[in-house]
Amino acid sequence: MTTFSLSNAAIRKIDRCVNSGDFALTFDDGPSLEFTSKVLDVLDKENVKATFFINGMNTCDLKNDPEAAKLVKREFESGHVIASHTYSHPVNGITGLSDEELTKEIQTLNDIIQELIGVKPAFFRPPLGEVTDANEVILEKTGMTADILWNLDSEDWNVQYNATQQYYDLLKNADPKKDSFIALNHDIQKITATKNLEIVIPYIKSLGFNFVTMDVCTGMNAYQDGATNPNIINNEISRNPISGNATDPNVIPSNSNTNSTNNDLFNLNNEKSGTMQTQSFTFALAFVLVLFNILFNN
């Protein structure tokens with residue numbers, strides 16, 4: 001079940017997708033001049049769309065580095081979702097920041113992202129995954145609608161862990177008919193860019209999960225003011241739920257007319273089939289009558 005915030009802010013706290021069978025790959029801390037392009041290459045090869053929670057001043061200077069800007073533009077133009085992970089990635093997270101400091105962290109990055117790709121993100125992930133009620137009030141004021149956490153951590157940054165094994169261990173009993181996942185990765189980590197993704201993506205597909213971006217995962221718009229990515233032709237925000245899904249009044253509802261539509265199509269096909277059978281019988285009868293007339297008139 002989706003986790004909700006208990007603060008007075010309207011922002012939602014989410015740690016899994018609303019539809020069973022959905023799997024959202026997410027990447028934090030980029031862009032990385034060394035590894036992000038490699039991550040994008042793997043995603044392109046596997047035809048998987050993901051979500052990138054980016055920083056403005058972490059591994060590179062997004063505003064002033066043309067190569068970093070190209071990476072974010074490539075992410076967006078490839079159909080991935082761009083989300084916020086603060087401007088500078090405070091080493092101790094955001095819980096100790098003043099309202100003014102947090103506002104600057106969010107708005108500075110929002111402005112840079114809008115300048116690069118023409119939209120402002122509505123999804124936010126706090127560094128260290130920690131956020132207070134007071135933080136959420138500020139996030140809402142700066143246009144954020146969802147605080148995105150996770151329920152699968154690759155631990156790709158931790159040399160004491162095997163990131164690939166993390167996936168195997170956490171997914172070995174997973175059932176796409178009832179489970180959904182938001183997976184935390186980092187596109188600044190060599191292990192993710194050069195090894196882990198190429199192994200775990202086919203594995204996740206083999207389990208029957210469907211890769212989605214965070215807007216599909218949550219049923220919410222990824223960008224402020226209802227903006228969309230013009231590079232995505234059919235960006236499905238809502239989908240027909242699989243049985244057993246949690247119901248969320250904030251999520252755009254699935255099409256309740258689906259069964260009716262399917263029945264209409266079935267009936268239409270039956271009508272067409274019946275019409276064709278009637279026409280065939282009529283033609284055959286006419287042919288017999290013509291043949292009868294020829295035989296007996298001669």
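Residues being among the hydrophobic types (A, V, I, L, M, F, W, C), touching a residue at least 60 places away in the same chain (Cβ under 8 Å) and part of a strand (DSSP E or B): count how many of those fall in region 129-155.
2
Among the numbered criteria (1) in contact with a helix residue (DSSP H, G or I) (Cβ under 6 Å, 6 or more places away or on another chain); (2) at pLDDT 95 or above; (3) surrounded by 14 or more Cβ atoms within 10 Å (Cβ to Cβ), which single criterion is violated by residue 237?
Residue 237 satisfies every listed condition except (2).
Counting only residues that are under 22 Å from the mean Cα position of the chain (by Cα) and of a type in the set (Lys, Arg), how many does region 109-158 have?
2
Conditions (1) closer than 20 Å to residue 38 by Cα; (2) touching a Phe, Trp or Tyr at 6+ places or on another chain (Cβ under 7 Å); (3) crowded, with 21+ Cβ neighbours inside 10 Å; (4) aliphatic (A, V, I, L, M), marked per residue:
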site	(1), (2), (3), (4)
61	yes, no, no, no
85	no, yes, yes, no
118	no, no, no, no
136	no, no, yes, no
143	no, no, no, no
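Take the residues of region 12-22 that are in contact with a Lys or Arg (Cβ under 9 Å, 6 or more places away or on another chain) and crowded, with 21+ Cβ neighbours inside 10 Å: which is nearest to residue 211 (Cα to Cα)?
Step by step, filter region 12-22, then rank; the result is 22.
I need a count of the residues in region 175-190 that are in contact with a helix residue (DSSP H, G or I) (Cβ under 9 Å, 6 or more places away or on another chain) and either closer than 20 Å to residue 14 by Cα or modelled with pLDDT under 95 (or both).
Of the residues in region 175-190, 8 are in contact with a helix residue (DSSP H, G or I) (Cβ under 9 Å, 6 or more places away or on another chain) and either closer than 20 Å to residue 14 by Cα or modelled with pLDDT under 95 (or both).
Failed condition for residue 67, given (1) farther than 24 Å from residue 224 by Cα; (2) touching a strand residue (DSSP E or B) at 6+ places or on another chain (Cβ under 8 Å); (3) surrounded by fewer than 17 Cβ atoms within 10 Å (Cβ to Cβ), with all others met?
(2)
Output the qualifying pairs, or none if there are none: Cβ atoms under 7 angstrom, residues six or more apart or on different chains, first residue in region 99-122 and free of Cβ contacts under 8 Å to residues at least 24 places away in the same chain and farther than 20 Å from residue 80 by Cβ, second residue outside any helix (DSSP H, G or I) and polar (S, T, N, Q).
As it stands, the answer is 105/86; 105/88, since those pairs meet every condition given.
State the number of residues belonging to region 166-185 that are among the aromatic types (Phe, Trp, Tyr) and either in a helix (DSSP H, G or I) or at positive phi (or both).
Summing the residues that are among the aromatic types (Phe, Trp, Tyr) and either in a helix (DSSP H, G or I) or at positive phi (or both) in region 166-185 gives 2.
Given the residues 204, 188, which is the only one that is assigned to a helix (DSSP H, G or I), closer than 28 Å to residue 168 by Cβ and not hydroxyl-bearing (Ser, Thr, Tyr)?
204
Residue by residue through region 199-234, note down the ones that are of a type in the set (D, E, K, R) and modelled with pLDDT of 95 or more.
Of everything in region 199-234, those that are of a type in the set (D, E, K, R) and modelled with pLDDT of 95 or more turn out to be 205, 215.
What pairs come up if the first residue lies in region 204-230 and is over 15 Å from residue 79 (Cβ atoms), the second is among the aromatic types (Phe, Trp, Tyr) and surrounded by fewer than 21 Cβ atoms within 10 Å (Cβ to Cβ), and their beta carbons are under 8 Å apart, counting only those six or more places apart or on different chains?
Short answer, once both residue conditions are applied: 204/211; 205/211.
The values are calculated or read from the model by the stated rules, or taken from the named source; none is laboratory data. None of these values were measured; they are calculated from a predicted model. Note that each Cβ is placed from the backbone with ideal geometry, even for glycine, and that neighbours are counted across all protein chains shown.
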